[in-house]
Amino acid sequence: MNFARLSRPAKIVSYTGLTGLALVIVAPLLWLTMSVFKNSSDIVTNPFSLPKDFSFTNITDAWNAGDFGQLYVNSVLITVVSVFGILVLEGMAAYAFARMEFRGRNLLFVIFVAGQFVPAQIIALPSFLQMSHLNLADTRLSLILQYLSWAPFAVLFLRASFLAIPKEIEEAALLDGASRLAVLWRIILPMTRSSFATVGTIYALWIWNDFLFPLVYLRSSQNFTVPLGLAHFQGLFTTFWGYLIGAIFIAVWPPMLIYLLLSRRIQSKLAMGGVKG
Amino acid sequence: MNSPAPYPDRIPRALSRRSFLRAGAGAGLLAAGLPALQACSLSSNGGNAATALTFMNRWSDPNSQKAANAMFSGFTKATGIKITNQVQPSSGSTYQPAVRTAFSSNTPPALATDISGPEVYNLARAGVLMDLTSIYQGIKSKARAGAVAGSEVDGKIWGLSDGATIGNCVFYNPDYLAKYHVDAAAITTTSQWLAAMSHIKKAGGTPILIGAKDQWPGGHYLNDLVQRRLGSAAATQLYNRTVLPKQGDKIKWTDDQVIAAFRDYLAFKPLFQDGFLGEAAATTDGQFLAGKAGFYEMGSWLLSTMRQTPPSFTPGVMLFPTVEGGAGHGNEVTLGNDTIIVSAKANADAVRKFFDYFTRPDSLARWSGSMFVSPPYRFDASAVKVDSPVLGKLFGRINSFSANAGRDGAALFNDQAIDVNIYSRYIWQGSVGLMTGELSPERLCQKLEEATVRAQRKLG
Amino acid sequence: MSLVRADAPAPSQPVAEKAARPTDRKREGSWSAYALLLPAGVFYVSFQLFPILVAFALSFFSWDGIDIRQAKFLGLANYVTLVHDGLLWRSVWHNLVVALAVLIIQCVGSFVIAAIIQAGIKGGRFFRLVFFAPVVISSVAVGMLAIFVFSPSQGLVNEALSAIGLGGLRQPWLGSGTWALPAVIATYILQNFGLSVLLFISGLGQVDQDLLEAAELDGASQGRILWQVVFPVIRPVTTTVFLLGLVTGFKLFDTVYVMTAGGPFHASDTIVTYLYGVSFGGNDIGYGNAIGVLLFVILLVIALIQLRLTRTGKETE
C-alpha cells in the first residue's frame, strides 16, 4: 500500500477528510484552553473571544477546591497497580487456555469471558455490599480488587495472541526439559510484548476513566479518583462555570500531555507485531 | 513477520524481566497493603466514638464547602467533638443513591443531609435511622414551621431541617425591563406577566430564559403553576398520595385545575429563548446574570451563583405571580427543604450536642448568611451578615417571603414531596414532553394519576 | 538456528516414552493449568461472578437498595413488566442505532483512516496523535465539554454553522428529539475512534512487506492489494475491533448520561441509562437488574453470531 500511488482525487479526499476530522477534535480543546483563562461571566458573554485579562484563577481554584493533587495520586495508584495485576493474572490464565489441555477447558473459558457482557451498573450495588461486609467500603483497595476481576477482555485478547505463536517453538523447548513457566517467561512473553502493551493500554484507559465504581464504593473525598472529583463541580441546581471549566481543563490536559510525550514509545510498542492470528 | 526468539543460552533480558516482576509484585503488594492498613485504621466506628462524628453532605461547591467547614470547626471548638466532612458530588441523581448506599453499609455516616420527603420516609421505614423525637423536644422552643416538614413519620421525627430555600422565585433585570417599559413591581398575575413578556418578545428582546435540557427547570414551572391553582394545602395533599398510605383521592391529577396548570406552562413556550430545549441550566444562569434577558424563574439558591458570578446589574426578585381563577395566594411559597438525618448506630449524646450547637442563634445567623438558606429556627435575622450589599438586600427580601407566607402557606417542592419514580419520569421528563409536543397536558395528567393510583395500592 | 543445545543428550527414548502416555500428560497438564488459572479465577469469581449471580438473583425480587433483608420476592413479575415496557424497547432500538453507527462509521471509518495513514500520507504521525488524544480523556469530561459545544445559543456547532452561512441549520441539539441521539453518538465516536485506528495500524503493520511489493510490481491495483493481501492478515484485529465496538456501544452510559440523561423525554435513552434511572433514580433495583439480564442475553447473542461468522472464515481459534 503506497499512498503515492493513489489517484489524485483520492489523495485530495484523504487530505481533506483527515484534516477536517482533526479540526473537529482540536476545536473544542482549543476553546476549552481559551476559556479557562477567562472569568466566569466572560465565558458566557464572549464565548469565542480571546481572554481579556489572562488569569489562572479558574485553574488554581478548581485544583484546590477539588484537591486534584490527591485525586491524581489516587487515580495513578489504582490504575498502575490494577493494570499490572491484570496483565500478570490474565496472562497466566490466557496461556493455560491457549496451550494446555485440561478438563473443562472450554467451559471455563466461556465462564471467564461471559462477564464482558454484563453491564457494570447491576454489579455495583451487590459488589458494594460485599466490600462493606469485608470492611473495605470506602477504600482504594476495594477498587483495585474490583478492577483485578475484570478478566474477560484480557483473557480473550491474550489467548488469541498466544494462539498465534507456532507450537513448534514451545514444543522444542519443552522437549529440552524447560518447565511451562520458563517457556512462558522466556519465549512466549518477548514475542507477545505488543499484545500485552495493547491490553495494558486499553485497561489503563478503562480503569482511569471509570466513574461508576468509585462513585459507589467511595465516600471520603481523600480517596476519590479524578473523574469522580470532576463531578463535584456540577451541582444539581448550581454550577459555577468558571470552576467547571477549570476542572475540565485539569481533567483533560495531564493525560493528554503524558500521551503526547510518550506517544512515540506507545506507538512503537503497539505496532510491534500487534495481534497475531 | 518477526522471527522467533532463539532459545537462549544466556538469559540477560529474562533476568531483568524477572527482577522487574519481583519488584513490581512487591510494589503492588505494598501499594495494595497501604490502603488496606489505612482502611483498617479509618474503619468501622460510623461515628460511634464519643469524640468524632462523620457527616455526609452535598455541600460540594467551593462556597458551600467553606461555609460547612467553618460550621464544623465552630462546633469542634465549642464541644471538642471532631467532625469528618464526607462531602459528595452534589448531583441529585448520584447523591440520594449514595445516601441510601451509605446507610445500607457496615459503616454508615453518623449524620447526613438529605432532601425531605419520601427519601427520609423510606430510610426511616428501613430502620436505619435514629429516632430524633426526644432531641427535637429539647429544641422545640427554638423551632419554627418547617423544621420537621417532610421528616415526620408515624408521629416520630426522623430529621431536622438545616435550612430551606424558596423555590418559586422569579428574578428580573430592572434595567433590561426598563428598555421595554416593563415594570416588574406592577405584575401580580400570570396574565399580566405573559402580556408583558409578549411585548418584549415582539420588540425583539429575550423576555425569559430556561435551561430546559436539564429537565428540572421545567418541573419548576409545573410546581409553581400547580401551587398557584390549587393552593399549598391541596397541592400537598395531591403529592402525598404518591408517598403516604391511605390518602384517598379527593384531589386527582386529572382535576381541571391541574390540567389547566399544565396547560399554562405551554403558554411560556413562545416566550423562551431560541433552542431552550437544548440549553443547560448552568448556561442560562450565566446568561441571565450577564444581563441577557428580562426574567428568570429560579430558586433562591441563585444567590450562591450570584456570589460566584456577580451580576452585571442589580437584580430584583418577586414570587411567582398568581393565576386568575386559582385557589392559591400570591404569598404562598415553595420550600426546598434539606434535612439532617442520623444513623441508628450513631452516638446519641454527640448528636444531641451537634443539634444544640447548630440551633444556637449565632450559628444560625452565620449559617444563613453563608449558605443563603432560611433555617426554620428562631434567630435574629438582622445578625445575618452577607458580604455584598446587593445580595444582602435580595436575601432580606427572600427571607420576607417565607416570613409572610403564613403557617399554611408553604408546600414542599414537587420533586421533594413526590415519589422519585413518579416525579423523575412524569414531572421532570414530562415537562420536556409537554414542550416538544409529544405529550398533551391531558395525557400527562392521566399518566400521573395512573402512576399515583398504583403507588397508593403498593403502599396499602 | 538450532533450538537444541549442542551438548544435550540424544532425544530418543524420552520422547517415545512421553508420547506413549497421553492421559498422564493431560492429567499432569490439568493441575498445572488449574494452578495458572487459580489467581485470576479467585479475583474473577469473588468480585465479578459472585455479584453477577447476586444481581441476576435480585432480578426476581423487589428491592429499594437500603436493607437487603427487606427485599420482596416477586417471581417473574419484573420480567413481565419488562416485556410490556415500551420505553425500554425504545432504548433497545436506540442502542441498535448506536451499534450500527459504531460498526459502519467507527469500525469501517477507522480502517480506512488507518490504511491511509499506514500507506504513508504526509503528516500521518500528527493525525495519529490528534485522533488518539481524546481517547485518554475521561468521557465525563468529554461529555461536559460537549454540552458547551452543542449549546444552542453559543456553542461551537451552531456558531460554526452561522459563520459559514448555514445559520438555518441551527438546532437545539441536545434538546431535539431527532438530534439528541446523533449528537451523543457523534461525540462518542469522535472520542473513541482513535483507539480503533491505532489497533488497525498495528494490525496493518504485520502485513508482509515483501508480498506487498511483489503485488505492486505485478501491477495490481490498490483495491486488489487490499482485498487479497491485506484483509486476510488483519482479520483477527478486525474481529477484535468490531466486537469491542459493539459491546461497548451496547453498554454505552457515561457520555449519554452526562450530556442528556436520556432526554429529551427519553429520546436518547440507552438501555443502561434507562436501567440506571430505574435502579438508582427510581429505587427499583430488582427491575433494573432484570433489564441487565436482558442486556446480557442480547450481548451474548451478538457475540455468538459474530463468532459464527468469523469461524466460517479462517482458522484462528
With the structure loaded, tell me whether B:GLU449 is surrounded by 15 or more Cβ atoms within 10 Å (Cβ to Cβ), modelled with pLDDT of 90 or more and among the charged types (D, E, K, R) or whether it fails that test. yes
By residue number, the members of the range C:282-302 that are more than 7 Å from chain A (Cβ to nearest Cβ), crowded, with 23+ Cβ neighbours inside 10 Å and in a helix (DSSP H, G or I) are C:GLY286, C:TYR287, C:ALA290, C:ILE291
Among the listed residues A:SER41, A:SER49, which satisfies the condition of being within 14 Å of chain B (Cβ to nearest Cβ) and in a helix (DSSP H, G or I)? A:SER41
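Among the listed residues C:ILE189, C:ILE117, which satisfies the condition of being among the β-branched types (Val, Ile, Thr), closer than 24 Å to C:GLN306 by Cα and out of contact with any Ser or Thr (no Cβ under 9 Å at 6 or more places or on another chain)? Walk me through how you get there before you give the answer.
On the way: C:ILE117 fails: closer than 24 Å to C:GLN306 by Cα.
Going through C:ILE189, C:ILE117 in turn, the sole match is C:ILE189.
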Quick test for you: out of A:PHE3, A:PHE54, A:PHE48, A:PHE84, pick the one residue that is farther than 25 Å from B:SER304 by Cβ, at pLDDT 90 or above and aromatic (Phe, Trp, Tyr). A:PHE84
The range B:396-423: number of residues that are free of Cβ contacts under 8 Å to residues at least 40 places away in the same chain and over 17 Å from B:GLY299 (Cα atoms): 1
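Being surrounded by fewer than 21 Cβ atoms within 10 Å (Cβ to Cβ) and touching a strand residue (DSSP E or B) at 6+ places or on another chain (Cβ under 8 Å) is the requirement here; does B:GLY330 meet it?
Against the criterion (surrounded by fewer than 21 Cβ atoms within 10 Å (Cβ to Cβ) and touching a strand residue (DSSP E or B) at 6+ places or on another chain (Cβ under 8 Å)), B:GLY330 qualifies.
Listed here are the residues, each with its yes/no results for (1) within 18 Å of B:SER363 (Cα to Cα); (2) buried (at least 21 other Cβ atoms within 10 Å of the Cβ).
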| site | (1), (2) |
| --- | --- |
| B:ALA126 | no, no |
| B:LEU129 | no, yes |
| B:ARG144 | yes, no |
| B:GLY155 | no, no |
Within the range A:180-226, residues at pLDDT 85 or above and of a type in the set (Lys, Arg) come out as A:ARG219
Hey, any hits in the range B:269-288 for a residue that's more than 11 Å from chain C (Cβ to nearest Cβ), out of contact with any helix residue (DSSP H, G or I) (no Cβ under 6 Å at 6 or more places or on another chain) and assigned to a loop (DSSP other than H, G, I, E, B)? no
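Would you call C:VAL229 more than 24 Å from A:ASP210 (Cα to Cα), assigned to a helix (DSSP H, G or I), more than 8 Å from chain A (Cβ to nearest Cβ) and in contact with a Leu (Cβ under 7 Å, 6 or more places away or on another chain)? Quick ask: steps written out before the conclusion?
Numbers: more than 24 Å from A:ASP210 (Cα to Cα): yes; assigned to a helix (DSSP H, G or I): yes; more than 8 Å from chain A (Cβ to nearest Cβ): yes; in contact with a Leu (Cβ under 7 Å, 6 or more places away or on another chain): yes.
When the stated conditions are applied, C:VAL229 passes them.
When only residues in the range C:223-247 that are among the β-branched types (Val, Ile, Thr) and in contact with a Phe, Trp or Tyr (Cβ under 9 Å, 6 or more places away or on another chain) count, which is farthest from C:ALA101 (Cα to Cα)?
Quick first cut of the range C:223-247, residues among the β-branched types (Val, Ile, Thr) only: C:225, C:229-230, C:233-234, C:237-241, C:247.
So of that shortlist, the ones also in contact with a Phe, Trp or Tyr (Cβ under 9 Å, 6 or more places away or on another chain) come out as C:234, C:237-238, C:240-241, C:247.
Details: C:ILE234: 22, C:VAL237: 19, C:THR238: 16, C:THR240: 17, C:VAL241: 14, C:VAL247: 13 Å.
Taking the candidates together, the pick is C:ILE234.
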Could you please tell me which pairs satisfy a Cβ distance under 8 Å, a separation of 6+ or placement on different chains, a first residue in the range A:176-187 that is surrounded by 15 or more Cβ atoms within 10 Å (Cβ to Cβ), and a second residue that is of a type in the set (Asp, Glu)? A:VAL183/A:GLU170; A:ILE187/A:GLU170
Sort out which residues of the range A:188-202 are surrounded by fewer than 23 Cβ atoms within 10 Å (Cβ to Cβ) and either within 17 Å of the chain's Cα centre (by Cα) or over 13 Å from A:SER161 (Cβ atoms) (or both), and write them in order of number. A:SER194, A:PHE196, A:ALA197, A:GLY200, A:THR201, A:ILE202
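Can you tell me which residues in the range C:69-113 are without any contact (Cβ under 8 Å) to a residue 60 or more places away in the chain and either over 25 Å from the mean Cα position of the chain (by Cα) or surrounded by 19 or more Cβ atoms within 10 Å (Cβ to Cβ) (or both)?
To start, the set of residues in the range C:69-113 that are without any contact (Cβ under 8 Å) to a residue 60 or more places away in the chain comprises C:69-70, C:72-73, C:75-77, C:80, C:83-86, C:89, C:93, C:96, C:100, C:104, C:108, C:112.
Hits for the range C:69-113 are C:ARG69, C:GLN70, C:LYS72, C:PHE73, C:GLY75, C:LEU76, C:ALA77, C:VAL80, C:VAL83, C:HIS84, C:ASP85, C:GLY86.
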Condition (residue is among the basic types (Lys, Arg) and assigned by TED's automatic domain parsing to the domain that holds B:GLN308) applied to the range B:415-438: is it met by at least one residue? yes
If A:PHE102 passes every condition in (1) in a loop (DSSP other than H, G, I, E, B); (2) surrounded by fewer than 18 Cβ atoms within 10 Å (Cβ to Cβ) but one, which one does it miss? (2)
Residues that are in a helix (DSSP H, G or I) and either surrounded by fewer than 18 Cβ atoms within 10 Å (Cβ to Cβ) or more than 10 Å from chain B (Cβ to nearest Cβ) (or both): does the range A:215-223 have at least one? yes
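Yes or no: the range A:37-44 includes at least one residue that is over 27 Å from A:ILE144 (Cα atoms) and under 30 Å from the mean Cα position of the chain (by Cα).
Within the range A:37-44, the subset over 27 Å from A:ILE144 (Cα atoms) is A:37-44.
Narrowing the set further to residues that are under 30 Å from the mean Cα position of the chain (by Cα) leaves A:37.
Within the range A:37-44, one or more residues are over 27 Å from A:ILE144 (Cα atoms) and under 30 Å from the mean Cα position of the chain (by Cα).
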Quick check on A:LEU145: is it at the interface with chain C (Cβ under 7 Å from one of its Cβ atoms) and modelled with pLDDT of 90 or more? yes
When you go through (1) over 23 Å from the mean Cα position of the chain (by Cα); (2) under 30 Å from B:PHE401 (Cβ atoms) one by one for B:PRO118, which number turns out not to apply? (1)
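Look at C:GLY223 and say whether it is surrounded by fewer than 13 Cβ atoms within 10 Å (Cβ to Cβ), modelled with pLDDT under 80 and either more than 10 Å from chain A (Cβ to nearest Cβ) or more than 30 Å from C:LEU252 (Cα to Cα) (or both).
Values: surrounded by fewer than 13 Cβ atoms within 10 Å (Cβ to Cβ): yes; modelled with pLDDT under 80: yes; either more than 10 Å from chain A (Cβ to nearest Cβ) or more than 30 Å from C:LEU252 (Cα to Cα) (or both): yes.
Spelling it out, C:GLY223 is indeed surrounded by fewer than 13 Cβ atoms within 10 Å (Cβ to Cβ), modelled with pLDDT under 80 and either more than 10 Å from chain A (Cβ to nearest Cβ) or more than 30 Å from C:LEU252 (Cα to Cα) (or both).
It is to be established whether one or more residues within the range B:364-386 are outside any strand (DSSP E or B), of a type in the set (Val, Ile, Thr) and assigned by TED's automatic domain parsing to the domain that holds B:ARG263.
The initial filter retains those residues of the range B:364-386 that are outside any strand (DSSP E or B), namely B:364-373, B:375-376, B:378-386.
Within this subset, residues satisfying the condition of being of a type in the set (Val, Ile, Thr) are B:373, B:384, B:386.
Now narrow it down to the ones that are assigned by TED's automatic domain parsing to the domain that holds B:ARG263: none.
The answer is no; no qualifying residue exists.
For C:TYR44, state whether it is within 9 Å of chain A (Cβ to nearest Cβ) and in a helix (DSSP H, G or I). Please lay out each step first, then the result.
Working: within 9 Å of chain A (Cβ to nearest Cβ): yes; in a helix (DSSP H, G or I): yes.
For C:TYR44, the condition - within 9 Å of chain A (Cβ to nearest Cβ) and in a helix (DSSP H, G or I) - is met.
This table checks each residue for (1) of a type in the set (Asp, Glu); (2) farther than 30 Å from C:VAL149 by Cα; (3) outside any loop (DSSP other than H, G, I, E, B).
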position	(1), (2), (3)
B:ARG228	no, yes, yes
B:LEU238	no, yes, yes
B:THR242	no, yes, no
B:LYS246	no, yes, no
B:ILE259	no, yes, yes
B:SER300	no, no, no
B:PRO310	no, no, no
B:PHE313	no, no, no
Checking B:GLY163, B:GLY127 in turn, the sole residue that is in contact with a Ser or Thr (Cβ under 7 Å, 6 or more places away or on another chain), among the small types (Gly, Ala, Ser) and at positive phi turns out to be B:GLY163
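From the list C:LEU145, C:LEU161, C:LEU88, C:LEU103, which residue is assigned to a helix (DSSP H, G or I), more than 11 Å from every other protein chain (Cβ to nearest Cβ), in contact with a helix residue (DSSP H, G or I) (Cβ under 7 Å, 6 or more places away or on another chain) and under 30 Å from B:ASP274 (Cβ atoms)? Explain how you work it out, then say what you get.
Values: C:LEU145 fails: more than 11 Å from every other protein chain (Cβ to nearest Cβ); C:LEU88 fails: under 30 Å from B:ASP274 (Cβ atoms); C:LEU103 fails: under 30 Å from B:ASP274 (Cβ atoms).
The match here is C:LEU161.
The values are calculated or read from the model by the stated rules, or taken from the named source; none is laboratory data. Keep in mind it's a predicted model, so treat the numbers as computed, not measured. Because the Cβ atoms are built from the backbone with ideal geometry, glycine has one as well, and the counts that use them run over all protein chains shown.
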